1. Looking at Ala24, Ala36, which is the one that is among the hydrophobic types (A, V, I, L, M, F, W, C) and part of a helix (DSSP H, G or I)?
2. Identify the residue in segment 63-76 that is outside any helix (DSSP H, G or I) and touching a strand residue (DSSP E or B) at 6+ places or on another chain (Cβ under 6 Å) and, among all such residues, is nearest to Leu6 (Cα to Cα).
3. Could you please tell me which pairs satisfy a Cβ distance under 6 Å, a separation of 6+ or placement on different chains, a first residue in segment 76-90 that is among the hydroxyl-bearing types (Ser, Thr, Tyr), and a second residue that is part of a helix (DSSP H, G or I) and at pLDDT 95 or above?
4. Would you mind stating whether Glu39 is over 18 Å from Met99 (Cα atoms), at pLDDT below 95, surrounded by 14 or more Cβ atoms within 10 Å (Cβ to Cβ) and not aliphatic (A, V, I, L, M)?
5. Contact list please: Cβ distance under 7 Å, first residue in segment 50-61 and free of Cβ contacts under 8 Å to residues at least 40 places away in the same chain, second residue assigned to a loop (DSSP other than H, G, I, E, B), pairs at least six apart or on different chains.
6. Within the group Lys23, Lys70, which residue is in contact with a helix residue (DSSP H, G or I) (Cβ under 8 Å, 6 or more places away or on another chain) and of a type in the set (D, E, K, R)?
7. If a residue has to be assigned to a helix (DSSP H, G or I), within 12 Å of the chain's Cα centre (by Cα) and of a type in the set (D, E, K, R) to count, how many in segment 39-62 make the cut?
Amino acid sequence: MKRITLICGNGYSSSMLVIEMNKAADMLGVEVEIRAIAESRFQEFQYKTDVVLIGPQLGYILDDMSEKYKDRNLKISVINSVDYGMLNGMKVLKDALSM
């Protein structure tokens, strides 16, 4: 099971995307655990995460996150802004699973 954590400013804007991603996972028959949290809370979830998806509005933290958690071998990426804005849960989930 993949554990995916979405990071946004306060954890709220990506919550709707998590709902769409869970719907997509059900359609695909994929077992995942997906959460949306604020960047400030990620450290407490780092050992419960395989893939980190950063909201496009926080794309500037990608390099810092990659450096800070390089020993954890996390897959970290910024969510495509169009997919994020359109709440394209299927595309975002497929992108996360392919990492």
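1. Details: Ala36 fails: part of a helix (DSSP H, G or I).
The conditions single out Ala24.
2. First pass over segment 63-76, keeping only residues outside any helix (DSSP H, G or I): 69, 73-76.
Next, from what is left, pick out any that are touching a strand residue (DSSP E or B) at 6+ places or on another chain (Cβ under 6 Å): 74-76.
Numbers: Leu74: 13, Lys75: 12, Ile76: 10 Å.
Here the residue is Ile76.
3. Ser81/Pro56; Tyr84/Pro56
4. For Glu39, the condition - over 18 Å from Met99 (Cα atoms), at pLDDT below 95, surrounded by 14 or more Cβ atoms within 10 Å (Cβ to Cβ) and not aliphatic (A, V, I, L, M) - is met.
5. Note: pairs meeting the criteria are Pro56/Ile79.
6. The unique qualifying residue is Lys23.
7. 1
The values are calculated or read from the model by the stated rules, or taken from the named source; none is laboratory data. Fair warning: this is a prediction, and the values are worked out from it, not measured in the lab. Here Cβ is always computed from backbone atoms with ideal geometry, including for glycine, and neighbour counts include all displayed protein chains.
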